[in-house]
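The values are calculated or read from the model by the stated rules, or taken from the named source; none is laboratory data. Just so it is clear, the model here is predicted, and its values are computed rather than measured. Neighbour counts are summed over all protein chains in view; Cβ atoms, including those assigned to glycine, are modelled from backbone coordinates with ideal geometry. These accessible areas exclude ligands, DNA and RNA; they are computed on the full protein's heavy atoms, side chains included. Shrake-Rupley method; radii C 1.70, N 1.55, O 1.52, S 1.80 Å.
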Amino acid sequence: MSSWRTRLLPPLLAIVFAVVLSAIALVISGADPLQAYGTMVGQLFKGSTAVDTVNLATVYYLSGLAVAIGFQMNLFNIGVEGQYRFAAIVAAIIGGALQLPPVIHTIVILIVAVLAGALYATIPAVLKVTRGVSEVISTIMLNSIVAGIIAFLVNADQFGVQTGNNIGTRTIAPSGRIPGIPIGSGVLFGFVFIAIALGIAYWFMLNRTRFGFELKASGESSTAATAGGVSATRMTLIAMILSGAVAGLVAMPELLGRDYSYGITSTQMYGFTGIAVALLGRNHPGGIAFGALLWAFLDTSAVSLEQINVSKEIATIMQGVIVLSVVVAYEIVRRADLAAEQRRVGRALGRNGRKTSSVAEGGAVL
């Protein structure tokens, strides 16, 4: 059973719990919680912080969507980290080598990223359905392997280009970039709108297509789905590959909207953040967007705490507590909802029993 309580109450409880525990940590350290939280909120309206928050949330949102697709099939795709990094290096190399007309150049880079991410996700998918290898183990190993792949490819003897003290792929020409939107002192990634479109497509797939129904049915019970004519093996393979395809786009907002090159020093750990965002958003596109914005806000505003001599790690504490408490909160609310439903059913059965007894007594009198 699903209700507004099972969807909205758990993340709200988790956030409140995180705020309270973080406030206790601040008091113990001798800081004023109200001043710290006020500083973080105030930072959002300074300079380009708001735009930076949305830009970072776009990356987190894509990562959360990739993880959520796997979750729908009860697949714990930890490999989003490796899949998006592999896709980014391949797309950056090909994108930097090509000279194509605008728009076409960009589309080709995006297609390459999607295919590369799907390809890297195919390895654990095939191992899962053919050999029963846990996707958790295989994707963790592949996350480690991708670091070596990137180091090899950006080597000066391969595709690397030395720029100052940094080495990365060849710079992507302006024809392959996605223009941003200047807002105040910041530039909003144009990829924001592509991320929104992906979220809508994800919702439509789950709720308005047969594939989405089969995906959710297989995730709920593979045995029941198989009895209904749905191949759980096929759905596992497709879900994992589709998750990898979306993961391939995670680095694209920054690659095509800001950096235009990819190297060993490029930002990492977006894949692991996506797991927390998907959990917080309960795999719903709207909830994932909320989780992505919250995570991005905590990341971008945390630096402001140093202005009042408070460690910026307090934001990390809040994120960690949210992750730990959101699962517990969902279970508590689910059980409370289930108990309430059982009481309603019990009362309904009691009323029906009394009505049946009254009818029986009336018949006996006649």
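At a glance:
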| quantity | calculated |
| --- | --- |
| Test for ILE123: is it open to solvent by 20 Å² or more (accessible area, probe 1.4 Å) and closer than 30 Å to GLY287 by Cα | yes |
| Residues of region 21-48 classified as surrounded by 20 or more Cβ atoms within 10 Å (Cβ to Cβ) and not hydrophobic (A, V, I, L, M, F, W, C), total | 2 |
| Residue check, GLY274 out of contact with any strand residue (DSSP E or B) (no Cβ under 9 Å at 6 or more places or on another chain), without any contact (Cβ under 8 Å) to a residue 24 or more places away in the chain and either assigned to a loop (DSSP other than H, G, I, E, B) or under 24 Å from VAL51 (Cα atoms) (or both) | no |
| Of residues in region 231-282 being aromatic (Phe, Trp, Tyr) and under 19 Å from the mean Cα position of the chain (by Cα), the one most open to solvent (accessible area, probe 1.4 Å) | PHE272 |
| Residue in region 38-49 that is under 30 Å from ILE183 (Cβ atoms) and either in contact with a Lys or Arg (Cβ under 9 Å, 6 or more places away or on another chain) or charged (D, E, K, R) (or both) present | yes |
| Residue list for region 296-312, filter: in a helix (DSSP H, G or I) and open to solvent by less than 40 Å² (accessible area, probe 1.4 Å) | ALA296, LEU298, THR300, SER301, ALA302, SER304, LEU305 |
| Failed criterion for LEU293 (all others in (1) surrounded by fewer than 19 Cβ atoms within 10 Å (Cβ to Cβ); (2) part of a loop (DSSP other than H, G, I, E, B); (3) not small (Gly, Ala, Ser) hold) | (2) |
| Matching residues in region 166-189 - criterion: being more than 20 Å from ILE94 (Cβ to Cβ) and open to solvent by less than 20 Å² (accessible area, probe 1.4 Å) | GLY186, PHE189 |
